[in-house]
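Worksheet for the structure shown next.
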Amino acid sequence: MFQVFFVTASKPHFGLYVTLAAGFANMILDGVFLGVLGMGVDGAALATVISQTIGGVLPLVYFALPGRKALRIGKTRLNLRWLFDTVSNGLSEFLSSISSSVVGMLYNFQLLKYAGAAGVAAYGVIMYGNFIFTGVYFGYSMGIAPAVSYHYGAENTKELKGLFAKSLHIIAAFMVVLTYALSFIFMGFNVFGSGFFTALNNGKISALISFGRTLVFEVIFILLLPAVFGINGIWSAVIAAESAAFVLTIACLMRYRKVYQYA
């Protein structure tokens, strides 16, 4: 949460430093508590708690202290309209998180059926690699979102068009560099498309893309393709899902380009 605030406050490097501090604290303390002190699982849990505390408390202190800052914690009041707008606009990210859990269970079920325990283990390894690559796309989408929101709210149409065009070029470059599996060819555009509409305060379209990409299309293909192609159908399901989501993303971007004037 604070990472988004750091970007909005034009201090993205602070967010990076805090994230690195928390991550390195976890790794170092794991070595100390487990390797040196022999605390076992309790030590691993304590290391995680301390690292998460660093990641949560340092930004809290930064935004709470007085000073000349773009954002600072202050008095507020309950505004149900703002709360509803915020929650509804974040619906796509919520659906994405929920869907990934549901789809993961479905993949495991199908892999147990067609490949046994070895297939489930292979899926686990693949997903760890997948997190690294998808993290790049999600990181960029989150990073660019405050700038998109700002220029859209300020009606800086020229800047908004520039951000959109540059983002497409950057995502295309990521696509070429990061693609080690066919699904990554389209994934970047789909993730960016969903995040872009969130930044434009259109949670419905963002949720449509996210829900279609992470749940609807994957569920459909992971149930249908294995019946035809066996184990290869399971591995191909995500490719088919991202391809279908890519068509949906392009359609949404074309549909709303004149509404938001980003192209």
Could we say that residue 225 is closer than 18 Å to residue 107 by Cα, open to solvent by less than 50 Å² (accessible area, probe 1.4 Å) and assigned to a helix (DSSP H, G or I) here? yes
Before we move on, is residue 96 open to solvent by less than 50 Å² (accessible area, probe 1.4 Å), closer than 30 Å to residue 193 by Cβ and hydroxyl-bearing (Ser, Thr, Tyr)? yes
Filtered residues of the range 96-116 (kept if assigned to a helix (DSSP H, G or I), over 30 Å from residue 203 (Cα atoms) and not hydroxyl-bearing (Ser, Thr, Tyr)): 108, 109, 110, 111, 112, 113, 116
Pull up the range 171-180, narrow it to residues that are of a type in the set (A, V, I, L, M, F, W, C) and touching a Gly at 6+ places or on another chain (Cβ under 9 Å), then point me to the one that is nearest to residue 241 (Cα to Cα). 175
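To keep it simple, each residue is scored yes or no on (1) open to solvent by 30 Å² or more (accessible area, probe 1.4 Å); (2) more than 16 Å from residue 242 (Cα to Cα).
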residue: 128; (1), (2): yes, yes
residue: 157; (1), (2): yes, yes
residue: 162; (1), (2): no, yes
residue: 183; (1), (2): no, no
residue: 212; (1), (2): no, no
Give the residue, chosen from 207, 237, 199, that is modelled with pLDDT under 90, buried (at least 20 other Cβ atoms within 10 Å of the Cβ) and either more than 18 Å from residue 130 (Cβ to Cβ) or in contact with a Phe, Trp or Tyr (Cβ under 6 Å, 6 or more places away or on another chain) (or both). 207
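The values are calculated or read from the model by the stated rules, or taken from the named source; none is laboratory data. All values reported here derive from a predicted model rather than from experimental measurement. Backbone-built Cβ (ideal geometry, glycine too); neighbour counts: all protein chains shown. Just so you know, the surface numbers come from the protein's heavy atoms only, side chains and all, with ligands and any DNA or RNA stripped out. Shrake-Rupley method; radii C 1.70, N 1.55, O 1.52, S 1.80 Å.
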